[in-house]
Amino acid sequence: MAIIKVVCAHCDTTDGVVKNGKAPSGIQRYLCRNCRQSFQLEFVYNANKPGAHERIVDMAMNGSGVRDTGRVLGISPTTVISHLKNSSRDR
Ligand SMILES: [Zn+2]
(Lines give C-alpha, C1' and ligand atoms only; values in the text may rest on other atoms or scores of the structure.)
Protein backbone atom coordinates (compact mmCIF):
# COMPACT_ATOMS: atom_id res chain seq x y z
CA MET A 1 0.00 0.00 0.00
CA ALA A 2 1.38 3.37 -0.98
CA ILE A 3 1.11 6.26 1.47
CA ILE A 4 0.47 9.61 -0.17
CA LYS A 5 1.52 12.63 1.86
CA VAL A 6 -1.01 15.42 1.61
CA VAL A 7 0.47 18.92 1.71
CA CYS A 8 -1.61 21.61 3.42
CA ALA A 9 -2.92 24.17 0.91
CA HIS A 10 -2.52 26.98 3.46
CA CYS A 11 0.74 26.41 5.36
CA ASP A 12 2.53 23.81 3.14
CA THR A 13 3.10 21.31 5.94
CA THR A 14 2.58 17.55 5.71
CA ASP A 15 2.42 16.96 9.47
CA GLY A 16 -1.01 16.65 11.02
CA VAL A 17 -3.05 16.64 7.82
CA VAL A 18 -6.01 14.31 8.37
CA LYS A 19 -9.10 13.40 6.42
CA ASN A 20 -12.07 15.59 7.27
CA GLY A 21 -15.14 14.08 5.65
CA LYS A 22 -16.39 14.70 2.16
CA ALA A 23 -17.81 17.74 0.40
CA PRO A 24 -21.41 17.49 -0.83
CA SER A 25 -19.92 16.74 -4.26
CA GLY A 26 -18.23 13.62 -2.83
CA ILE A 27 -14.69 15.01 -2.96
CA GLN A 28 -12.44 14.18 0.00
CA ARG A 29 -11.74 17.11 2.30
CA TYR A 30 -8.72 17.41 4.60
CA LEU A 31 -8.07 19.22 7.88
CA CYS A 32 -4.67 20.63 8.80
CA ARG A 33 -4.09 20.33 12.53
CA ASN A 34 -1.21 22.80 12.26
CA CYS A 35 -3.19 25.82 10.98
CA ARG A 36 -6.73 24.47 11.76
CA GLN A 37 -7.94 25.08 8.19
CA SER A 38 -9.70 22.60 5.93
CA PHE A 39 -9.15 22.20 2.21
CA GLN A 40 -9.65 19.85 -0.70
CA LEU A 41 -7.31 18.83 -3.50
CA GLU A 42 -9.80 18.30 -6.33
CA PHE A 43 -12.50 20.64 -7.51
CA VAL A 44 -15.71 20.16 -9.47
CA TYR A 45 -15.62 23.61 -11.05
CA ASN A 46 -12.61 24.82 -13.04
CA ALA A 47 -12.93 28.33 -11.58
CA ASN A 48 -12.19 26.99 -8.09
CA LYS A 49 -8.93 25.29 -9.06
CA PRO A 50 -5.71 26.84 -7.73
CA GLY A 51 -4.28 29.41 -10.14
CA ALA A 52 -7.55 30.00 -12.00
CA HIS A 53 -7.78 33.61 -10.84
CA GLU A 54 -4.24 34.37 -12.01
CA ARG A 55 -4.95 32.81 -15.42
CA ILE A 56 -8.11 34.93 -15.82
CA VAL A 57 -6.23 38.13 -15.01
CA ASP A 58 -3.32 37.13 -17.29
CA MET A 59 -5.65 36.46 -20.22
CA ALA A 60 -7.39 39.80 -19.69
CA MET A 61 -4.01 41.56 -19.68
CA ASN A 62 -3.13 39.83 -22.97
CA GLY A 63 -6.24 41.10 -24.71
CA SER A 64 -8.61 38.14 -24.36
CA GLY A 65 -12.28 38.98 -24.01
CA VAL A 66 -14.55 37.75 -21.28
CA ARG A 67 -16.25 35.10 -23.42
CA ASP A 68 -12.90 34.11 -24.94
CA THR A 69 -11.40 33.54 -21.49
CA GLY A 70 -14.45 31.59 -20.34
CA ARG A 71 -14.35 29.32 -23.38
CA VAL A 72 -10.63 28.55 -23.04
CA LEU A 73 -10.65 27.92 -19.28
CA GLY A 74 -13.99 26.12 -19.26
CA ILE A 75 -15.74 28.53 -16.90
CA SER A 76 -18.74 30.81 -17.16
CA PRO A 77 -18.34 34.35 -18.59
CA THR A 78 -20.18 35.58 -15.51
CA THR A 79 -17.51 34.02 -13.32
CA VAL A 80 -14.78 35.67 -15.42
CA ILE A 81 -16.42 39.08 -14.90
CA SER A 82 -16.71 38.40 -11.17
CA HIS A 83 -12.99 37.58 -10.92
CA LEU A 84 -12.01 40.67 -12.92
CA LYS A 85 -14.20 42.97 -10.84
CA ASN A 86 -12.59 41.60 -7.66
CA SER A 87 -9.06 41.42 -9.06
CA SER A 88 -7.80 44.27 -6.88
CA ARG A 89 -8.56 42.11 -3.84
CA ASP A 90 -5.62 40.07 -2.60
CA ARG A 91 -6.38 36.42 -3.41
ZN1 LIG B 1 -2.02 24.05 7.33
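Share of the chain's accessible area from carbon and sulfur, percent, 1.4 Å?
Carbon-and-sulfur percentage of accessible area, whole number: 49.
A cut-off under 15 angstrom between Cβ atoms defines the neighbours of R29, and their net charge, with Lys, Arg +1 and Asp, Glu -1, is +3.
Within straight-line reach of K22, meaning a Cα separation under 29 Å, sit the following lysines at least 8 residues removed in sequence or on another chain: K5, K49. The C-alpha atoms of the range 29-90 occupy a region whose extents along the principal axes are 43, 24, 17 Å, arranged from largest to smallest.
Here the Kirkwood formula puts the hydrodynamic radius of the range 1-42 at 10.5 Å, using every distinct Cα pair. The slack in the chain from M1 to R71, taken as 0.36 nm per residue of separation less the alpha-carbon distance, amounts to 21.2 nm.
Per DSSP helix of 4 or more residues, -39500 (n - 2.57); summed, then divided by the residues of the chain. What does that give at 222 nm, rounded to the nearest 500?
Numbers: 3 runs with 27 residues, N = 91.
About -8500 deg cm²/dmol.
So with the 1.4 Å probe, I'd like the accessible area per residue for the chain, rounded to whole Å². The partial results should precede the final answer.
Details: 6720 Å² over 91 residues.
Spelled out: the 1.4 Å probe surface of the chain, per residue, equals 74 Å².
These residues, K49, K85, go from largest to smallest accessible area, 1.4 Å probe, as K85, K49.
The modelled label-to-label distance for the pair C35/V18, using points 7 Å beyond Cα in the direction of Cβ, is 1.9 nm. Between the residues L41, I56, N20, the greatest Cα displacement towards the positive end of the dipole of the chain, with unit charges on the Cβ of Lys, Arg, Asp and Glu, is found for N20.
Taking all protein chains as shown and a probe of 1.4 angstrom, T78 keeps an accessible surface of around 100 Å².
The values are calculated or read from the model by the stated rules, or taken from the named source; none is laboratory data. Because the structure is a prediction, the values reported are computed rather than measured. Note: ideal-geometry Cβ built from the backbone for every residue, glycine included; neighbour counts use all protein chains shown. To get the accessible areas, we keep the full protein, side chains included, count just its heavy atoms, and leave off ligands, DNA and RNA. Shrake-Rupley method; radii C 1.70, N 1.55, O 1.52, S 1.80 Å.
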